[in-house]
Amino acid sequence: MNKNIKYPYQPEGRFVLYVPLSNPFMAEAKEFGRLNSLDKTMPTSSVVVKDGKIIGRGANGSTYHETHECERVKRGIPTGQGYELCEGCHPKNHSEPKAIANAKENGEDPEGADLYLWGHWWCCEPCWKQMTSAGIKSVYLLENSEMLFNKESPNNIIGRQFE
Ligand SMILES: [Zn+2]
Ligand SMILES: [Zn+2]
């Protein structure tokens, strides 16, 4: 199931599953990101699904990068590392913990729920930690995410995700 994708981070014993955009939860995640993400380069969004319904939604980003240069870019920090060092990149602004927090705000328990992530091809370590401690069961990504949302891939759609 891992299609031999080499993720920048992947916790021991956990793996991700893939669905096409025809999956209604993935489609809803994309639409939520289109409307709510504050990250203009890598808009990312998540929905938390339990018993066949969406209990939480989250989109990434903060307004920090509009007024400040990214601390990670400034310091030449490689992709996937040092998110904590920049207010604009901070994991608290990633869509996965935001969707989990939203589920709790809605009075729902994310324990045993699934998370659908649109707009990225892997989850960072702080997000995996949050998902694991919230009891998220399965993590779904969009099919071909490793190509579509990967800056290193020549076939990526970064900059035209919503076209
Ligand atoms: Zn930044
Ligand atoms: Zn993250």
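Considering only the stretch 35-63, state which residues are part of a loop (DSSP other than H, G, I, E, B) and under 16 Å from the mean Cα position of the chain (by Cα).
The answer is S37, L38, D39, K40, T41, M42, P43, T44, N60, G61, S62.
Is it the case that some residue within the stretch 148-156 is open to solvent by less than 40 Å² (accessible area, probe 1.4 Å), closer than 22 Å to G13 by Cα and part of a loop (DSSP other than H, G, I, E, B)?
Looking through the stretch 148-156, none of the residues is open to solvent by less than 40 Å² (accessible area, probe 1.4 Å), closer than 22 Å to G13 by Cα and part of a loop (DSSP other than H, G, I, E, B).
Filter the stretch 85-108 down to residues that are modelled with pLDDT of 95 or more and of a type in the set (K, R) and give me whichever is farthest from ligand 2 (Cβ to nearest atom).
K104
Identify, please: which residue in the stretch 85-144 is within 16 Å of ligand 1 (Cβ to nearest atom) and part of a loop (DSSP other than H, G, I, E, B) and is, among those, surrounded by the most Cβ atoms within 10 Å (Cβ to Cβ)?
Among residues in the stretch 85-144 that are within 16 Å of ligand 1 (Cβ to nearest atom) and part of a loop (DSSP other than H, G, I, E, B), the one surrounded by the most Cβ atoms within 10 Å (Cβ to Cβ) is H94.
Answer yes or no: is there a residue in the stretch 64-73 that is under 17 Å from the mean Cα position of the chain (by Cα) and among the aromatic types (F, W, Y).
no
The values are calculated or read from the model by the stated rules, or taken from the named source; none is laboratory data. As the structure is a prediction and not an experimental result, all values here were calculated from the model. Positions of Cβ are backbone-derived with ideal geometry, glycine not excepted, and every protein chain shown enters the neighbour counts. Quick note on the areas: whole protein, heavy atoms, side chains included, nothing else; ligands and nucleic acids left out. Shrake-Rupley method; radii C 1.70, N 1.55, O 1.52, S 1.80 Å.
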